[in-house]
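Below is one structure, written out as structure tokens, with a few remarks after it.
Read-outs throughout are calculated quantities, based only on the coordinates presented, and are distinct from any laboratory measurement. Quick caveat, the model's predicted, so the values are computed rather than measured. Heads up, the Cβs are rebuilt from the backbone with ideal geometry, glycines too, and the neighbour counts pull from every protein chain shown.
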Amino acid sequence: MKIIGISGSPKPGGNNDQLVEKMLGIAKDRGFEIDNILISDSEIAPCTACGVCGKGEKCPIDDDMQPVYDKLLDADGIVVSSPVYFGTMTAQLKALCDRSVLLRRQGFKLSNKVGAAMAIGGSRNGGQEKTIQSVHEWMHIHGMVVVGDGGHFGGILRKPAAEDDEGMKTAEDTINKMCDVLELMK
Ligand SMILES: Cc1cc2nc3c(=O)[nH]c(=O)nc-3n(C[C@H](O)[C@H](O)[C@H](O)COP(=O)(O)O)c2cc1C
């Protein structure tokens, strides 16, 4: 089974990229195949609501979204980590979420994949829970099976995330919960 990690930060090698790498390492140690999507590596334009995908056709926007569709389809679990920007996910990640409507319109292709979310803010209470909630909304609208950290909503961290031991524990609990649920679904 494969878990894909999405970092929603535009900053290469930043807190979210590092967190995704660490979480995928945990999944790999548990025997899962892993892959990632780094927003910082990708040019993904916002959806223009042209409606073409609703007619079963390919998205006409020529950018890096095509490999993202392929990676999302290939995954059994999708873990997303976003920076908090003004209390919610980054615009770059939202563009990816909106463009994924093609997969919903062409047969709910993400349905029953397991999803989990993490958020990193510059402040302790900077909107991490709301950011996670907005990622969960994306997952629910795709019909995914959403998991948290086993007690609350997911990974909630403050920058610098590598020094936030309490937050890191919520992230580790979240990826382990995803692995547990995927193992139950095998
Ligand atoms: C435009 C912008 C808006 C931000 N808004 C918030 C915010 O509302 N709450 C918060 O806690 N941190 C906020 N931050 C801080 C980022 O969440 C933080 O720098 C980010 O998680 C670091 O992750 P990265 O190193 O992966 O980019 C903001 C940063 C930027 C650039």
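When region 140-151 is filtered for residues that are more than 17 Å from the chain's Cα centre (by Cα) and free of Cβ contacts under 8 Å to residues at least 24 places away in the same chain, only Gly151 remains. Scanning region 4-41 for residues that are surrounded by 17 or more Cβ atoms within 10 Å (Cβ to Cβ) and either among the hydroxyl-bearing types (Ser, Thr, Tyr) or under 21 Å from Leu102 (Cα atoms) (or both) returns Ile4, Gly5, Ile6, Ser7, Gly8, Ser9, Asn36, Ile37, Leu38, Ile39. Filter region 62-88 down to the residues that are surrounded by fewer than 19 Cβ atoms within 10 Å (Cβ to Cβ) and more than 16 Å from the ligand (Cβ to nearest atom) and list them by number. Answer for region 62-88, where residues must be surrounded by fewer than 19 Cβ atoms within 10 Å (Cβ to Cβ) and more than 16 Å from the ligand (Cβ to nearest atom): Asp62, Asp63, Asp64, Gln66, Pro67, Tyr69, Asp70, Lys71, Leu73, Asp74, Asp76.
Among the residues of region 125-148, those identified as more than 14 Å from the ligand (Cβ to nearest atom), out of contact with any Gly (no Cβ under 7 Å at 6 or more places or on another chain), within 13 Å of Asp98 (Cα to Cα) and not β-branched (Val, Ile, Thr) are Glu137, Trp138, His142.
Put simply, of Glu172, Glu166 the only residue that is free of Cβ contacts under 8 Å to residues at least 12 places away in the same chain and either out of contact with any Pro (no Cβ under 6 Å at 6 or more places or on another chain) or in a loop (DSSP other than H, G, I, E, B) (or both) is Glu166.
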